[in-house]
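The values are calculated or read from the model by the stated rules, or taken from the named source; none is laboratory data. If you're wondering where the values come from, they're calculated on a predicted model, not measured in any experiment. Backbone-built Cβ (ideal geometry, glycine too); neighbour counts: all protein chains shown. The area values use the complete protein model at the heavy-atom level, side chains included, leaving out ligands, DNA and RNA. Shrake-Rupley method; radii C 1.70, N 1.55, O 1.52, S 1.80 Å.
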Amino acid sequence: MIAKGERLNFDKRIFDATQESIQVWDRNGKKLFCNDKASKLYGIEDDKIKTIQDVLDKWSFFDENNSSLDLEMLPAFKVLHTRQAMKETVLKMVSTDDTKWIKTSVGPILNNEKQIEYIVTTCLDITQEKNRELKYKNIANHDSLTKLPNRLLLSDRLEYAVAHATRNNTHMALCMIDLDGFKALNDTYGHKAGDTLLIEVSKRMLEVVRSDDTVARLGGDEFVVILGDLEKIDDCTVSLYRLLNTISAPYMIEGNSIDTISASIGVNTYPQDKVDPETLLKHADVAMYKSKNSGKNKFTFFDTASDKKIKANYKALNKIKKSLEDNNFILHYQPKLNSITGEIVEVEALARWRHPMLGIMQPTEFLPLIQNDNELNEMFDSWVIHEAICQLVQWQNMGLFIKICINISPKQFKQKKFVQKIKDEFVKNNISLEYLSHIEFEILESDVVDDLNRSNRIIKECKELGLSFALDDFGTGYSSLVHLKELSIDAIKIDNSFVANMLENSEDMAIVQAIVALASAFDIRVSAEGAENIEQVLSLMEMGCDEVQGFAIAKPMPANELVSYITNLTPDPRWRLASHTLPSRIDFELLLAESNHKYWVEMIISELSKSTPNLSLVHIDHKGCRFGKWFEKNRSKNYKITPSFKDLDTAHQEIHKLSHTLLETIPKENRTITQEEIAKFYHLSAKLIEILDKIRVEVEKQKKQQSVVNKILQKREQYGK
Ligand code: C2E
Ligand code: MG
Ligand code: MG
C-alpha cells in the first residue's frame, strides 16, 4: 500500500510493457499515472491527460446493450462510492471518429482510515474480438437477403416493445404483413426477381415507419412491423395506410413494371390484447388472414371480443365432447299419433344434454355449437344413431313394436360413407338388418334441396336397405313441387310454425291444407308436429294428416317412461273418436264442430276480458266462425235428417247475437266482461253442445235402424225376394 503523501516512484517501463492500459487516479479524478497503452487507448498524449475529465471530454461510454452511461454509472465512479473492486466490465467507447470496446477492471486503494486514496483502472482493448462477435451476431439476428431483423431478433424487440408500453403507459401495434401477388410474381419472373422485390419492399417499409419502429422479415413474403410508443391505438393507422400505399405502388424489376403487389396486414395491439408476445404474434396472424380472405390490400385489427367468444365456444365444445364420453347425453322420445289407427306406432328421438351444472338442456342450446365442429358433429350423430338403434332392439325384445324416427344432420347425411356407416353400426352391435325397416330418418327440407341429386342418391341407397325418410320442418325450406317429385322420400312433416297459428291465421291454415293435398297427390305420408291443443289435433286429423305429434298428445319423454305411457295410454276421448275404433267419421265431424265452437267461445271471452280487445280476431257473424262455415257449407248435410238439427241453427245464432251485443256495449262502456255475462255465454254454449249430443244419439239410432233395414234387405236378396 502506498502511504499517504508518498510519491509514485517507479520505473514506468515496467507498466508500459503490459498488454493492458493502466491508469491511476486520485479520489478527485486527478491523474497520477497512465502507461503508454492508456494514452494510446484514449488517443490522448500522456501529458494532455491531467484529469479523468480529459478522457470523458473525448469519449462517451455505453454498456453492452448500447445504453449510454452517465458519469456515476462508470465503473471508476461506482468504485469511488462503493469502495468495492469491479472486475472485467465490458464497455463501448465512442468518440467523434472512433468506436472501441474495452474490458475494464477497477480497484480502490485505501488509506489507513479505509478512505479511498487512489483508483487503479486497467483496460484491455477488445475491439477486434467484439467486432467479430457482433458480426456473427448480426448474421444470426438478421435476414441475409433484406438485412432486416429476423425472427430471433424480432422476439427480443417484441419483448422490449411490450415492456416499454407497460412501463410508459403507451400502446404498441404489432403488424403481420403478408404480400399479395408475390407467388405469382415469383412463378412468372423467377426467384431472382422475387428477391429483388423483397429487398425493395423492405426498403420502402423502412422509409415509412419511424426510426424507433422495427421492420422484420419472418421468411418468404412475411414481414412484421412493430409500431411502438403510441399514445392511442388510432395513432398507428397513418403508418398502416403508408405501409399499404408504399407496398402497393408499382415496382420496376428487371425492366418490368410490376403493379400486382400489395399487402394483407393483420394488426394486434398491446395492452388491449394482454397476452404474451408469442400469442400477440399469433393473433396478428389471425387478423392478417382476415385481410387476406376479405379482399387483400387492407389491414384488419385483431378482434379480442370475437376471440374470447371463439375460446368460450372451444371450451363449450370440449365440455360437450367430454359429456358424450361420460354418457351425459340422452335421447328423449316423443310419440306420434296415427290418425287412422289411433295408436302410437312411431316415436321421434330427440337429444337432451344432462349438463352437470345447468340441468337438462334442449337441442337449440347445444346443436348449433356441435354442428359447427365437423369432428364433434360426426361423433354426436354416430352416438344418436347408436343409441336409438340399441333402444329400438330393446323395445322390440320387450314386445313393443315401434318405429324410431332419428334426426340427422346434413353433414352426416351427405357423407360419402353414410349408408355403409349405418350398416356397420348394425353389424358391430350384432343387430339384424331387418330392424332397418323400423327406422325413419328425418332430414331438414332445407338441407336436401341444395344438392338434390346427391341427396336423392343417398336416400335411394338407404331405402334399398329398408330405411325410410321424412322431410322435416316442411314448408320452411323453399322446396318446390319439382323437388317433391324427384325426391324418393316417404313422408313430409309440416313445420310446427304453421300448426301453431293455423286456427287463428287463415293463411297458415291454407298452407297446412295445401301441404296435406300435396302429400296426397304425391302419395306420401304427411305428419304434423307441434299440435299443442286438442283443437289442432282434431283439425289436423280432419284435414287428413296421417300422423300428429305435439304436446297435446305427449311431450318428449325418457325411454323408460315411454313403455308405461303406451301401455297405460288412455287417449283423449275426442281424438280417440277420430280413429277407426269409433262408430264413424260422422261422429268425428260433430266433435270437430263442437271443438271449433268451444274455441270460438273461449276466444270471445278472453278478448272481452282485456281492456282493449282485438275484435278482428273474433267472428261476430254467425256464418263467419268455423262452426258457422261448417254448418253453412252443407257439410252438415248428414245430420239434416235428424229431428234436432233445426234447433242447432237457432242455438248458434242466439249465442252470436249475445256476442254481438256484448262486443258493441262493453268497449263503449269502457269496461270488461262481467261474470254474469260469461255465465250467460257458457249457458248458451252448453245448450248448443246439448243439441250436438242429441244429434249424435239420433244419428246413431238412425244408423242402427239403417243397418237393420240393410240386414233385412240383404236377407231378402239372399232368399231371392
Ligand atoms: P324437430 O326434428 O322438428 O323436432 C321437433 C321439435 O318440436 C322438438 O324440439 C320437440 O320437442 C318440439 N315439439 C314437439 N311437440 C311440440 C309442441 O307441441 N309444441 C312445441 N312448442 N314444440 C314441440 P326439440 O327437442 O327442442 O328439438 C329441436 C330440434 O333439434 C329438432 O327439431 C331437430 O331438428 C333437432 N334435434 C333434436 N334432436 C336431435 C338429434 O338427435 N340429432 C339431430 N341432428 N338433430 C336433433
Ligand atoms: Mg325432427
Ligand atoms: Mg321439425
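Side notes on the structure shown:
- Highest average packing first - 606-613, 543-550, Cβ atoms within 10 Å: 543-550, 606-613
- Cα pair distances exceeding 49 angstrom across the chain, given as percent: 54
- Estimated from the Cβ-Cβ distance and a Förster radius of 22 angstrom, the FRET efficiency linking GLU677 and ASN614 is about 0.75.
- Between segment 57-133 and segment 318-374, the alpha-carbon centres lie 77 Å apart.
- Over the chain, Cα pairs under 8 Å with separation of 6+ residues give a relative contact order of 6 percent.
- Along principal axes, Cα extents of segment 343-460, largest first, whole Å: 43, 38, 31
- Long-range Cα-Cα pairs in segment 328-581 (distance over 29 Å), rounded percent: 29
- Here segment 328-581 carries DSSP beta bridges of which approximately 40% are antiparallel, counting only pairs with both residues inside.
- For the chain, the longest principal axis of the alpha carbon atoms and the long axis of helix 127-141 meet at an angle near 10°.
- For the pair segment 477-554 / segment 180-245, the C-alpha centres are spaced 62 Å from each other.
- The share of Cα pairs per 10 Å bin across segment 1-120, counted from zero up to the longest distance, runs 12, 45, 35, 7, 0 percent.
- DSSP-assigned coil residues among GluC sites (Glu not before Pro) in segment 132-233, each with at most 14 further Cβ atoms within 10 Å: GLU231
- For segment 328-581, the per residue solvent-accessible surface stands at 45 Å², with DNA, RNA and ligands left out and a 1.4 Å probe.
- The portion of the accessible surface of the chain made up by carbon and sulfur, rounded to a whole percent, is 51 (1.4 Å probe; DNA, RNA and ligands excluded).
- Peptides 316-326, 348-358, ordered by how many other C-beta atoms sit within 10 Å of their residues on average, highest first, read 348-358, 316-326.
- Of the trypsin sites (Lys or Arg not before Pro) found in segment 136-245, those in coil by DSSP whose Cβ has at most 12 other Cβ atoms within 10 Å are ARG210, LYS232.
- Highest-first packing order for the peptide set 63-70, 113-120, 393-400, 693-700 is 693-700, 113-120, 393-400, 63-70, based on the mean count of other beta carbon atoms within 10 Å.
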